[in-house]
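Q: My structure is below; once you've seen it, I'll send some questions.
The values are calculated or read from the model by the stated rules, or taken from the named source; none is laboratory data. Note that this is a predicted model, so its numbers are computed, not measured. We place every Cβ from the backbone using ideal geometry, glycine too, and count neighbours over all the protein chains shown. We work out accessible area using only protein heavy atoms, side chains counted, and drop any ligands, DNA or RNA first. Shrake-Rupley method; radii C 1.70, N 1.55, O 1.52, S 1.80 Å.
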Amino acid sequence: MEQFLSFDIAPMHFDEGKLTLLDQTRLPGEEVYIEIETKEDMWDAIYHLKVRGAPAIGVAAAYGLYVDALKYEGDYVPEFLEHVKSGAKYLNSARPTAVNLSWALNRLTEGLLDNTWSSVEEAKEWLLEEAKTIHREDIEACKAMGEYGLSLLKEGMGILTHCNAGTIATAKYGTCLAPLYLGHERGYDFRVFADETRPLLQGARLTSWELNKAGIDVTLICDNMAATVMKKGWIDAVVVGCDRMAANGDGANKIGTSGVAVLAKEYGIPFYMYVPTSTIDMNTPTGDDIHIELRKGEEIYEMWYEKPMAPEGIKTFNPSFDVTDHKYITAVITEKGIVRPPYDENLKKIMMK
Ligand code: MRU
């Protein structure tokens, strides 16, 4: 069995009733783990991107809901179910775009409500087992996407990626970085270009950190350099993750993704979006229906700088995600297989598989 990853950094651990998260806001400088003891800790970790990346948010929230369920000390099942429902509603309010958050919380609450429980203890045990199952399934999904994704790539390719859809954005291995890890192990000499990904620098702080750690050739560029590296002929494929894919194949991902997709089309470069089925939202018809998170302007002009880099009181617009129109997406890589257009038909089929 291949190693797949030559280093073992996980965004979360759940051991002996304790949930610890790698605080991704401290990377790349420090590898610090924080403990999640309450639902408020969990909400704060998601909101402030201590845990981030759609699949990782889903898995962490599942454990977070269990941590909160343990706070219920009574023995009345209906009251316990209300406690869990209200915890799920609260956690779900932390970030709106990545569907994995509501997907995981709904899976747990609906599963609880669909069963009959002889005791609160029994229901709590089920919650923990289901959270662990979500965790395991995500690891398996990433491995499968690694294999499918690698079948689209060739040795020596130049690959551009945006944001971070790597091992720390998932339970393990990553979505769009999984084929790069797998290929690296099999001797493909990829040359990866990582967009820095303003304003929160997931590409600079996280993608270049994890690829570098794995010994993969990675070059960091500013977001506005993507056209230059494409024009030079250095990019053979673009790989990105996704936070929510609508039923028609429009995909929301980190702000800046859609611009990269438009450029890729212009330069005749395939654009691959990696989307586990937990990120496909068949209840959202098109990208226009996806709620895009707006964040504080300080992230643009103040964060990372010693002093503000804009005039005081400047107006800002800081959407955290954008939607790539399905017409720019060459293929969608899921854990169940590769989906090609027409997406409205073929996503339905893959979801039923
Ligand atoms: O705001 P973030 O850092 O949570 O945004 C993350 C992304 O946009 C990722 O590309 C996406 O969640 C896919 S992660 C496998």
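Q: Summing -39500 (n - 2.57) over the DSSP H runs of n ≥ 4 in the chain and dividing by its residue number, what mean residue ellipticity at 222 nm do you reach, to the nearest 500 deg cm²/dmol?
A: Helix-only estimate at 222 nm: -11500 deg cm²/dmol.
Q: Same structure, new question: Treat each spin label as a single point 7 Å out from the Cα along the C-beta direction, and report the ASN115 to GLU37 distance in nm.
A: Output for this residue pair reads 2.9 nm.
Q: With all protein chains present, calculate the accessible area of ILE255 using a 1.4 Å probe and round the result to the nearest 10 Å².
A: It works out to around 40 Å².
Q: What is the set of long-range amide H partners of ASN318 at a cut-off below 5 Å, with H atoms built 1.01 Å from backbone N?
A: Hits under the 5 Å cutoff: ARG295.
Q: Could you tell me the accessible area of ARG198 in Å² (1.4 Å probe, neighbours in place), rounded to the nearest ten?
A: Rounded to the nearest 10, the figure is 80 Å².
Q: Where in segment 44-59 is the amide nitrogen less than 16 Å from a point lying 7 Å along the Cα-to-Cβ axis of THR20?
A: Taking a point 7 Å out along Cα→Cβ of THR20, the residues of segment 44-59 whose backbone N falls under 16 Å are 51.
Q: Starting from the Cα of LYS231, draw a straight line to each of the aspartates and glutamates and keep only those under 13 Å, dropping any in the same chain fewer than 8 residues away.
A: Cross-link targets: GLU266.
Q: Based on the Cα coordinates of the chain, what is the per residue volume of their convex hull in Å³?
A: Each residue corresponds to 144 Å³ of Cα convex hull volume.
Q: Sticking with this one: Solvent-accessible area of ASP23, probe 1.4 Å, all protein chains present, reported in Å² to the nearest ten, please.
A: Result for ASP23: roughly 10 Å² accessible.
Q: For segment 54-157, how big is Rg over Rh, using alpha carbon atoms and the Kirkwood form of Rh?
A: Ratio of gyration radius to Kirkwood radius for segment 54-157: 1.12.
Q: For ASN318 and SER6 in one chain, what is 0.36 nm times their gap in residues minus the Cα-Cα distance, to one decimal in nm?
A: This chain segment gains 108.7 nm when fully extended.
Q: Rounded if a/c is under 1.5, else prolate if a/b beats b/c, else oblate: with a ≥ b ≥ c from the C-alpha gyration tensor eigenvalues square-rooted, which is segment 155-232?
A: oblate
Q: LYS348: which aspartates and glutamates have alpha carbons under 20 Å from its alpha carbon, excluding same-chain residues fewer than 8 sequence positions away?
A: ASP243, ASP250, ASP281, ASP288, ASP289, ASP325, GLU335
Q: List residues of segment 192-208, by number, whose backbone nitrogen lies under 16 Å from a label position 7 Å along Cα→C-beta of TRP304.
A: Residues 194-208 qualify, since their backbone N sits under 16 Å from the label point.
Q: Sticking with this one: Along the Cα→Cβ direction, 7 angstrom out, place labels at MET282 and THR219. What is the inter-label distance in nm?
A: With each label placed 7 Å out from Cα toward Cβ, I get 4.3 nm.
Q: Around MET12, which amide H atoms from residues at least 5 apart in sequence, or from another chain, sit under 5 Å from its own amide H, with H modelled in the peptide plane?
A: HN-HN under 5 Å from MET12: LEU22.
Q: If you don't mind, there's one more thing I want to ask. What pairs from LYS18/LYS50; LYS50/LYS154; LYS18/LYS85 go past 23 Å between their alpha carbons?
A: Where the Cα-Cα span goes over 23 Å, the pairs concerned are LYS50/LYS154.
Q: May I ask you to compute the full-extension gain from ALA227 to TYR267, defined as 0.36 nm times their residue separation minus their alpha-carbon distance, rounded to one decimal in nm?
A: Full extension of this stretch gives 13.5 nm more.
Q: Which value, in Å³ per residue, describes the convex hull spanned by the Cα atoms of segment 152-351?
A: Convex hull volume per residue, Cα atoms: 123 Å³.
Q: In whole angstrom, and with the biggest value first, how far do the Cα coordinates of segment 254-353 range along each principal axis?
A: Principal extents (largest minus smallest coordinate, Cα): 53, 32, 22 Å.
Q: Classify segment 246-303 as rounded, prolate or oblate, taking a ≥ b ≥ c as the square roots of the eigenvalues of its Cα gyration tensor: rounded when a/c is under 1.5, otherwise prolate if a/b is larger than b/c and oblate if not.
A: Oblate is the answer for segment 246-303, as a/c is 1.5 or above yet b/c matches or exceeds a/b.
Q: Excluding same-chain residues fewer than 8 positions from LYS39, which aspartates and glutamates have a Cα within less than 14 Å of its Cα?
A: ASP68
Q: What is the antiparallel percent of DSSP beta bridges lying wholly in the chain, to the nearest 5?
A: 45
Q: Can I ask one more? Taking amide H atoms as placed 1.01 Å from N in the peptide plane, list the residues 5 or more away in sequence, or in a different chain, whose amide H sits under 5 Å from that of THR284.
A: Hits under the 5 Å cutoff: ALA247.
Q: Could you derive backbone 3J(HN,Hα) for segment 305-322 from the dihedral phi with the Karplus parameters 6.51, -1.76 and 1.60 (θ = phi - 60°), listing whole Hz in sequence and x where the residue is Gly or Pro?
A: Coupling constants for segment 305-322: 10, 5, 9, x, 9, 7, x, 4, x, 4, 6, 9, 9, 10, x, 7, 9, 9 Hz.
Q: Compute for segment 6-59: radius of gyration divided by Kirkwood radius, i.e. Rg/Rh, restricted to C-alpha atoms, rounded to two decimals.
A: 0.94
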